1. Could you calculate the contour length gain from S33 to T97, that is, 0.36 nm times the residue separation minus the distance between their Cα atoms, to one decimal place in nm?
2. Could you calculate the contour length gain from I63 to D51, that is, 0.36 nm times the residue separation minus the distance between their Cα atoms, to one decimal place in nm?
3. Just to verify a number: FRET efficiency for N86 and L10, C-beta to C-beta distance, R0 = 25 Å, to 0.05?
4. Test of understanding: what is the full-extension gain from D26 to H44, defined as 0.36 nm times their sequence separation minus their Cα-Cα distance?
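Only the coordinates and a few stated rules stand behind these numbers; no lab work does. Not measured: the values here are computed from a predicted model. Every residue, glycine as well, gets a Cβ built from its backbone with ideal geometry; the counts of neighbours run over all protein chains shown.
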Amino acid sequence: MKEGQALAQLFSAFLAQVAEARMNADQYSAEISKQYLKDDILRHFSVPRLDIENLTVDMKFAIGTFDPETNKLSVIVEAEALRELNPAAISSFTFTTKMRNYTWVEGRPEDDGGFKLIETT
């Protein structure tokens, strides 16, 4: 059986991948917005953009190890490794997160080169 992954690292990696996917989608929207601008008909339409308001993840796992000194928990999430375990040893964890949108706006020059990041709705 594979050694477990740190739970914090697993969640961090997952959320980083979601952020990267959102960035890729935004880059694609930026590219097609240029095509919309050049087209006499499309320029009157809104540019398609993916907007994720809430994200829910249901993850099955088994506890690999727990270090009480550091309070670190490692989990096993690989499907093949989970199939080898007694079903009673497998847990499920669901978390929901709200995706927030931020944008850069012009600010004072002394604030980060004249721009600041604000949350948008």
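1. 20.2 nm
2. 0.9 nm
3. That gives a FRET efficiency of 0.70.
4. 4.5 nm
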